[in-house]
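*Asks:* This is the structure, below, for whatever I ask next.
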Amino acid sequence: WDEKKAVVVGNDGLVLLTHDSGNTWEKVQLGNEGLGVKLLKVRIDPESVAWAVGAMGAVYASHDTGKSWRRMARTQDIAWNDVGFSSDGKVWLVGEFGHVAFADPKHVDDNGELEWQAVKVSADRSLMAIIFLDAQTALIAGLDGTLLRTKDSGKSWEKVLLPTREHIFALASNGHTTVGVGSRGLRIVSQQGGSSWEVGRVAKEDFNWHTDIAIKGEEQLIVGASLGQMTGRE
């Protein structure tokens, strides 16, 4: 959430919180229904709500910086791999077999659950990452070089053809440069909002799998089978 407070999620409903910049970590329980849940990703929305997603349709939200969590979607045989947030307040999910869904946290059904709406996209591969670049533009990336782009706030999605079949696991942007990383050292870079891409490697002779990336200014932190930091000019 800030320089001191952060959250980590993992297998068996694991949630860890730090309030001192990572020097110490506190374990938090999801509750009985969270036992055995495989959580794959956690992100914090613009309203400071933490969203954790994972296997078997797991979607959890915390409105109190991780102290308590509430299930926000029904159990189903879908693994949600990432969660993103559009400027109109909607929460977006991407997962295996081309599944995409969104919900407005302000709208709940009679059971107090979010009304998730499925989105049809032209992809049947597992989708691993979603990122909103501005109010209109967003990207979804996945296995076998899958890359989708919307220019109308998610109403329609088009395929972006890349000269690679490597998996894309993560996307990040600093506002003008968007970078994706994936299998066998893959690194893709766009300076034009995802309309065109340079396809290369994290480093020469790097064939490691990289599973996540964070960008701050011109610096990029890439993690996975190896850990590395580079500048956007490299």
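*Asks:* Go through region 1-39 and give me each residue that's under 21 Å from Leu93 (Cβ atoms) and among the basic types (Lys, Arg).
*Replies:* Matches in region 1-39: Lys38 only.
*Asks:* Looking only at region 183-191, decide whether some residue is modelled with pLDDT of 95 or more, farther than 22 Å from Ile222 by Cα and within 18 Å of the chain's Cα centre (by Cα).
*Replies:* No, because not a single residue in region 183-191 is modelled with pLDDT of 95 or more, farther than 22 Å from Ile222 by Cα and within 18 Å of the chain's Cα centre (by Cα).
*Asks:* Of the residues that sit in region 159-172 and are of a type outside the set (Lys, Arg) and over 19 Å from the mean Cα position of the chain (by Cα), which one is most open to solvent (accessible area, probe 1.4 Å)?
*Replies:* Out of the qualifying residues, it is Leu161.
*Asks:* Note down all Cβ pairs under 6 Å where the first residue falls in region 166-190 and is assigned to a strand (DSSP E or B), the second is surrounded by fewer than 22 Cβ atoms within 10 Å (Cβ to Cβ) and among the basic types (Lys, Arg), and they're at least six residues apart or on different chains.
*Replies:* Arg187/Arg201
*Asks:* Looking at region 40-74 only, could you name the residues that are open to solvent by 10 Å² or more (accessible area, probe 1.4 Å), farther than 20 Å from Gly89 by Cα and either in a strand (DSSP E or B) or of a type in the set (Ser, Thr, Tyr) (or both)?
*Replies:* Across region 40-74, the qualifying residues are Leu40, Ser68.
*Asks:* Right, here's the next one. Starting from region 105-127, keep only residues that are small (Gly, Ala, Ser), then list their pairs with residues that are modelled with pLDDT of 90 or more whose Cβ atoms are within a distance under 6 Å, requiring at least 6 positions of separation or different chains.
*Replies:* As it stands, the answer is Ala118/Ala101; Ser122/Lys159; Ala123/Gly98; Ala123/Thr146; Ser126/Glu96; Ser126/Gly142; Ser126/Leu143, since those pairs meet every condition given.
*Asks:* I've got another one for you. Which is in a loop (DSSP other than H, G, I, E, B) and either surrounded by 14 or more Cβ atoms within 10 Å (Cβ to Cβ) or at pLDDT 95 or above (or both), of Asp212, Asp206?
*Replies:* Going through Asp212, Asp206 in turn, the sole match is Asp206.
*Asks:* If we keep just the residues of region 215-231 that are of a type in the set (S, T, N, Q) and within 22 Å of Leu40 (Cα to Cα), which is most open to solvent (accessible area, probe 1.4 Å)?
*Replies:* If we take residues in region 215-231 being of a type in the set (S, T, N, Q) and within 22 Å of Leu40 (Cα to Cα), then Ser226 is most open to solvent (accessible area, probe 1.4 Å).
*Asks:* Of the numbered conditions (1) part of a strand (DSSP E or B); (2) modelled with pLDDT under 95, Val83 satisfies every one except a single condition; which is it?
*Replies:* That leaves (2) as the condition not met.
*Asks:* Evaluate the following for Gly175: is it more than 17 Å from the chain's Cα centre (by Cα), exposed (fewer than 14 other Cβ atoms within 10 Å of the Cβ) and within 23 Å of Arg43 (Cβ to Cβ)?
*Replies:* Judged against the criteria, Gly175 is not a match.
*Asks:* Hey, which of the strands (runs of 3 or more DSSP E) in region 114-155, taking only ones fully inside, have at least 3 residues that are open to solvent by less than 40 Å² (accessible area, probe 1.4 Å)?
*Replies:* Strands (runs of 3 or more DSSP E) meeting the threshold: 127-132, 138-142, 147-150.
*Asks:* Take Ala52 and decide whether it is without any contact (Cβ under 8 Å) to a residue 60 or more places away in the chain, within 17 Å of the chain's Cα centre (by Cα) and farther than 20 Å from Asp212 by Cβ.
*Replies:* no
*Asks:* Is it the case that some residue within region 5-20 is of a type in the set (A, V, I, L, M), at pLDDT 95 or above, assigned to a loop (DSSP other than H, G, I, E, B) and closer than 30 Å to Ser126 by Cα?
*Replies:* no
The values are calculated or read from the model by the stated rules, or taken from the named source; none is laboratory data. On a predicted model such as this, the values are computed, not experimentally measured, just so you know. Counting neighbours? That spans all protein chains shown, and the Cβs are built from the backbone with ideal geometry, glycine included. We work out accessible area using only protein heavy atoms, side chains counted, and drop any ligands, DNA or RNA first. Shrake-Rupley method; radii C 1.70, N 1.55, O 1.52, S 1.80 Å.
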